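Asks: My structure is below; once you've seen it, I'll send some questions.
The values are calculated or read from the model by the stated rules, or taken from the named source; none is laboratory data. What you are looking at is a predicted structure, and each value in this text was computed from that prediction instead of being measured. Don't worry about glycine lacking a Cβ; one is built from the backbone with ideal geometry, like all the others, and counts go over all protein chains shown.
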Amino acid sequence: MKTIRFICFGWSAFCLALLSAQEKEMASFQPYFSYLAEGWSIVDGGYKTGERYLGLTIVGFDWSPGAMGRGKLHMEAQSMHGRSPTNYAGDFNTISNSDFNSGTRLFQIWYGIEADWGEWKIGQLALDDDFMTSDYADLFINAGFGPMPTQSANVAAPIWPIGGLGAHASVGISQTSSLQFGLYDGDAGNFASNDDGLNNSLDPRVGYMLVIEYARSTDALGGQTVWKLGGYHHTGKEFLHQQNGAKKRGLSSLYTVIDHNFSKTFGLWVRFGASQNEEISTVSSHVDGGMVFSGPFPSRPDDHIGIGLLRTKFSDDYLNGTPNVSDHESVMELTYHAPLYENFHIQPDIQWIFNSHESKDDVFVLGLRFGIEY
C-alpha cells in the first residue's frame, strides 16, 4: 500500500512538471492528473444530520510510442480519503460517485489498438468505462447514475474503483451502428481482499463476466438519438439463493440506454435494467433518466445544469431475507457544473433521497464539488 501511495503522489508531481514543459496534444506520452474535493451536508432525515467530506486524487498516462504502431498503453492509479456521507444518510445507491474506502490503489493498466474496423484493449480494465454509459447521466454525482445497480449490486465484476483482468473489443458495423464485447474476471474483490488493486487473477471458481452491447444512432425529433441494447451473463457457480442459501450457477441481466439531443444545448436520457434471476439478485430492476441544459446563461456557454431521477427496486427474495429495509429507493438530483478556469470547476449539488434503503427515511442532501484537472 505504501509503495502504491508513493507512486501515485510522485506521479502527480511528475505529470505537472512534464505538462508544463510540452504541448500535451503533440506528445506520444500524455500524463494526466486530477483532484476532486467534496463537502456534503445531510440537512434532514437519514440516521444522522451533519457534514462529511471526500477527496479523490487520480493520476495516470497514455503512452503511444512509435514502436507500438497504433498501440497505446494506459495506466491509472487513484487515492481516496474522507468520510462517507452515505453512513449518515443510510442510502443504497451512494450519494457520491467518488465515495469508497480510503486508500491508494492501482485502478487500470491496459494495452489497446485502434483500427479501421474498431478497437480492442486487454489488461486490467473496468467495464463501466464502456458499457451502460450515457453521455448525459455522466454529469450527475449520485452513484446510481453510474454503473447500473442491476450489475454493480448483483455481481462483483470490475467497475470503478477496482479494476480486474479482462478484454474488450468494439466493432463498427456501419457509420451509425456498432457492437462491443467484453470478457472480465467475475470477481475483482473488495477493499478487504484487494485494497491495493494488485490482487487480480482469473479464477474459474468465481466465474467470468460476459457483456455485449449494440448501439445505433438515428435522426429523430429534430435531433439525434443514440439507442443502446445490452446485457451480461455471469458464469459464477456459487450465487446464493436469497432465502434458502442454496448455491446457484449463473446470473444474467438486460438493459437499454437512450440518449437524445434535441439541440446543442438540450438533451435527455433514460436507462432501464432488469435482472433475469431475481432469486439470487439484490436489485431486481433499475431505471434512471433526466435532462441536461448546456449554456443556461449567455455569459456561461460552457456550464451544464441537469435534473435526474432514479428508482432502484429490490428483489422480493432479497427483501424476504433482509428485514428492516425499504423495498425500493428513489433519488432526485439537481446539479450545476461550472468551469471557472481552464483546469478548475465547481459543481453545487442537491439530492432528495426518498425511502432510503437502510434508514427507511426521506433524506435531503446538499453538496459542493471542486475539481482540478491537468
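Asks: Can you tell me which residues in segment 286-313 are in contact with a strand residue (DSSP E or B) (Cβ under 6 Å, 6 or more places away or on another chain), farther than 16 Å from Ile95 by Cα and among the hydrophobic types (A, V, I, L, M, F, W, C)?
Replies: Scanning segment 286-313 gives Val287, Met291, Val292, Phe293, Ile305.
Asks: Consider Lys228 against the criteria (1) within 13 Å of Gln151 (Cα to Cα); (2) crowded, with 18+ Cβ neighbours inside 10 Å; (3) modelled with pLDDT of 95 or more: it satisfies all of them except one. Which criterion is unmet?
Replies: (1)
Asks: Something else about it: Considering only residues that are of a type in the set (A, V, I, L, M, F, W, C) and surrounded by fewer than 23 Cβ atoms within 10 Å (Cβ to Cβ), look in segment 160-176 and name the one that is nearest to the chain's Cα centre (by Cα).
Replies: Going through segment 160-176, the residues of a type in the set (A, V, I, L, M, F, W, C) turn out to be 160, 162, 165, 167, 169, 171, 173.
Those left that are additionally surrounded by fewer than 23 Cβ atoms within 10 Å (Cβ to Cβ): 160, 165, 167, 169, 171, 173.
Details: Trp160: 6, Leu165: 17, Ala167: 18, Ala169: 19, Val171: 23, Ile173: 26 Å.
Taking the candidates together, the pick is Trp160.
Asks: Quick check on this structure: which one of Ser96, Ser12 is at pLDDT 95 or above, buried (at least 16 other Cβ atoms within 10 Å of the Cβ) and small (Gly, Ala, Ser)? Working first, answer last.
Replies: Working: Ser12 fails: at pLDDT 95 or above.
Being at pLDDT 95 or above, buried (at least 16 other Cβ atoms within 10 Å of the Cβ) and small (Gly, Ala, Ser) holds for just one of Ser96, Ser12, which is Ser96.
Asks: Identify, from the list Ser281, Ser299, the residue that is surrounded by fewer than 21 Cβ atoms within 10 Å (Cβ to Cβ), of a type in the set (Gly, Ala, Ser) and more than 19 Å from the chain's Cα centre (by Cα). Let's see the steps before the verdict.
Replies: Values: Ser281 fails: surrounded by fewer than 21 Cβ atoms within 10 Å (Cβ to Cβ).
Exactly one residue qualifies, and that residue is Ser299.
Asks: Can you run down the residue pairs with Cβ atoms below 7 Å, 6 or more apart or on separate chains, where the first is in segment 301-321 and in a strand (DSSP E or B) and the partner is surrounded by fewer than 18 Cβ atoms within 10 Å (Cβ to Cβ) and hydroxyl-bearing (Ser, Thr, Tyr)?
Replies: Taking only residues 6 or more apart or on different chains, the pairs are Ile305/Tyr336.
Asks: Still on this structure: Taking interchain pairs and intrachain pairs at least six residues apart, which have beta carbon atoms under 6 angstrom, with the first residue in segment 325-336 and farther than 18 Å from Val287 by Cβ and at pLDDT 95 or above and the second of a type in the set (Asp, Glu) and assigned to a strand (DSSP E or B)?
Replies: Thr335/Asp349
Asks: Go through segment 28-73 and count every residue that is among the basic types (Lys, Arg) and either surrounded by 14 or more Cβ atoms within 10 Å (Cβ to Cβ) or within 18 Å of Ser102 (Cβ to Cβ) (or both). Explain how you work it out, then say what you get.
Replies: Step one: filter segment 28-73 for residues among the basic types (Lys, Arg), giving 48, 52, 70, 72.
Next cut, either surrounded by 14 or more Cβ atoms within 10 Å (Cβ to Cβ) or within 18 Å of Ser102 (Cβ to Cβ) (or both) only: 52, 72.
Qualifying residue count, segment 28-73: 2.
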